[in-house]
Amino acid sequence: MRLDLVAFHEQARLYDAALAPLHRHWARRGGTSVGSVTRICDLAFARAADRPFSDWKAVASEAACEAGYGILWDGDEVTAIQTHPGRLLS
């Protein structure tokens with residue numbers, strides 16, 4: 001049980017780091033939609049499992065990509081979130 005709690009804590013810590021720049025971007029410019037934001041968050045949490053903390057930016061980018069969006073980065077800050085043309089969102 002203890003190992004499960006430690007693993008969940010690490011997953012949650014990585015999720016928080018991955019989503020922080022996205023949350024700052026959404027706070028400044030607004031989210032794409034509640035459904036899209038929720039989907040990106042869910043995908044990021046799932047992708048954070050069994051990943052090292054240093055993968056936080058990849059986790060955010062991969063989750064957004066799977067949801068049909070691309071993230072433009074300036075260092076560690078999100079400058080834009082764009083839809084991928086021709087991608088269907090599920």
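How many residues, within segment 38-65, are assigned to a loop (DSSP other than H, G, I, E, B) and either in contact with a Leu (Cβ under 6 Å, 6 or more places away or on another chain) or crowded, with 16+ Cβ neighbours inside 10 Å (or both)? Adding up the residues that qualify gives 2. Being among the aliphatic types (A, V, I, L, M) and either in contact with a Leu (Cβ under 6 Å, 6 or more places away or on another chain) or modelled with pLDDT of 95 or more (or both) is a property that does not hold for LEU19. When segment 71-82 is filtered for residues that are open to solvent by less than 50 Å² (accessible area, probe 1.4 Å) and part of a loop (DSSP other than H, G, I, E, B), only GLY75 remains. The single residue among GLY68, GLY35 that is on the phi > 0 side of the Ramachandran plot, modelled with pLDDT under 95, open to solvent by less than 70 Å² (accessible area, probe 1.4 Å) and of a type outside the set (Ser, Thr, Tyr) turns out to be GLY68.
Of all the residues in segment 22-36, those that are in contact (Cβ under 8 Å) with a residue 12 or more places away in the chain and either within 9 Å of the chain's Cα centre (by Cα) or outside any helix (DSSP H, G or I) (or both) number 2.
Scanning segment 9-32 for residues that are surrounded by 17 or more Cβ atoms within 10 Å (Cβ to Cβ) and among the aromatic types (Phe, Trp, Tyr) yields a count of 1.
The values are calculated or read from the model by the stated rules, or taken from the named source; none is laboratory data. On a predicted model such as this, the values are computed, not experimentally measured, just so you know. FYI the Cβ positions are ideal-geometry reconstructions off the backbone, even for glycines, and counts take in every protein chain you see. Side chains are part of the model used for accessible areas, which takes the heavy atoms of the whole protein and leaves out ligands, DNA and RNA. Shrake-Rupley method; radii C 1.70, N 1.55, O 1.52, S 1.80 Å.
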